[in-house]
Every structure is written in C-alpha cells, then in structure tokens.
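First the structure, in the form of structure tokens, and then the observations on it.
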Amino acid sequence: MSEKHKLVIIVGSVREGRFGPVVASWVADQAREHGGFDIDVVDLADAEIPLSLPAVPPKFAGDSYPRPDGMASLTSQLEDADAFIMVTPEYNHSYPASLKAAIDWHYTQWTAKPVAFVSYGGAAGGRHAVLHLENVLTELHAVTIRDGLAFPNYRTAWEHGRPLDPQAPGYAKTLLDQLAWWAAALAAARNSVPYPA
C-alpha cells in the first residue's frame, strides 16, 4: 500500500483483570503485519473519562465541551485518527460504560471515519455489544465496518496471547483490508469536501 493511515485501536474495558489488552495487543500485531496503517493503541484506563458530561452537547456548541485535562491525549489521538478498531467485551448484552463515556465526550472526532470492531465474551462473543456500538456510532456519522472479529468463550479460546482458532488471522486480514479501503476513501473525501454537518 502506498499510503499508511493512522489507526487507533481502543481498549474499551477498564475493569480490573480485564482481557482487553491481550486482544488489543494481538490486533495491533495483525495490523502491523498488514502494513496499511500507523498504529496507536489507546487504553481507556489511562485517560480521565468522567461519566457526567456538561449540559450542552457539542453538536450545538461547536464541539466545545470543556474536557478535563486528563482527556487531552485521548482527544488528540481520536482527532488525528483516520480509522478506529474498538476492542470491547460484552457486559450484560452491551458494551462498557467507559467506552460509552469516551464516545460521548467527543463528536467531530468520529465524523466520516471508519470504525471496525473486535469483541469477546461468552457464547455470543460480544456481538450484542457490537450491535449497540454500531447504532451509537452511526448517530455520530461514523462508518461502521461489517466484517468484524468476535471471540466466543474467550477464556478457553486463547492461549499465550493468541486465539486458538487458526482462521482468526485470515478474518483479521479481511477486517483490516476493508478498514484500509474505507480509511483511504473517507480521508480523500474529507480532504476534498467538508463533511456536511
């Protein structure tokens, strides 16, 4: 590929003992091997993300939330991204509050950018969480990628930081190929014509 796009891989869970960093590390390795991206792994546990937001949403205030100082690095990384992969577990058929708060504290940072999903959980592999994320991110004018990765029963499906399914790298390549295509197409579009707000 001639041009690399900035990919931000987001570790969505902040719970103690979480498995997300293991999954994110493997995904980052797959993305490096793919070669189409410059990669940042963003762990939400490292950011200050209050659950309460100011009264006026950025949609009506020019994206001017007074964000806490501890969120500055996260905001900058999201702003600079051309594409995202959200690594999420499934909690009670949905995704973590930390991920929702990180999404809601931002607005234009998601606009006209592609988002792919890697989920893990019990029997459903986190698919319920992804369905909810797709709805939320569509509302924020992001473009969600159809072919994600889901890891059911992850506690027994991984060993030494890698999934046991031999097809997982192939699925990851499909996800990354689609994400790279959308990253290039949407970056060109954003650079050509401002996204209509």
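The values are calculated or read from the model by the stated rules, or taken from the named source; none is laboratory data. On a predicted model such as this, the values are computed, not experimentally measured, just so you know. Neighbour counts run over all protein chains shown; Cβ positions are idealised from the backbone, glycine included.
Within segment 15-38, can you find the residues that are under 14 Å from the mean Cα position of the chain (by Cα) and surrounded by 17 or more Cβ atoms within 10 Å (Cβ to Cβ)? Break it down into steps so the answer makes sense when it comes.
Here is the first cut: in segment 15-38, the residues under 14 Å from the mean Cα position of the chain (by Cα) are 20-21, 23-25, 27-28, 31.
The answer is G20, V23, A24, V27, A28, A31.
Quick one: which of V118, V130 is in contact with a helix residue (DSSP H, G or I) (Cβ under 7 Å, 6 or more places away or on another chain) and of a type in the set (V, I, T)?
V118
Determine the pairs where a residue that is over 18 Å from G121 (Cβ atoms), located within segment 140-153, has a partner that is at pLDDT below 95 and buried (at least 18 other Cβ atoms within 10 Å of the Cβ) with Cβ atoms under 7 Å apart, the partner being 6 or more residues away or on another chain.
Once the first residue is over 18 Å from G121 (Cβ atoms) and sits in segment 140-153, its partners that are at pLDDT below 95 and buried (at least 18 other Cβ atoms within 10 Å of the Cβ) give L140/Y107.
Of the numbered conditions (1) at pLDDT below 95; (2) of a type in the set (F, W, Y); (3) under 17 Å from A97 (Cα atoms), F60 satisfies every one except a single condition; which is it?
The single condition F60 does not satisfy is (3).
Across segment 12-54, which residue is nearest to Y171 (Cα to Cα) among those that are part of a strand (DSSP E or B) and in contact with a Lys or Arg (Cβ under 8 Å, 6 or more places away or on another chain)?
F37
So if I check each of A124, A112, A129, which one is touching a residue at least 40 places away in the same chain (Cβ under 8 Å) and assigned to a loop (DSSP other than H, G, I, E, B)?
None of the others qualify; the one that does is A112.
Looking at segment 144-193, which of the residues that are touching a helix residue (DSSP H, G or I) at 6+ places or on another chain (Cβ under 6 Å) and either β-branched (V, I, T) or part of a helix (DSSP H, G or I) (or both) is surrounded by the fewest Cβ atoms within 10 Å (Cβ to Cβ)?
Per the criteria, the residue is T144.
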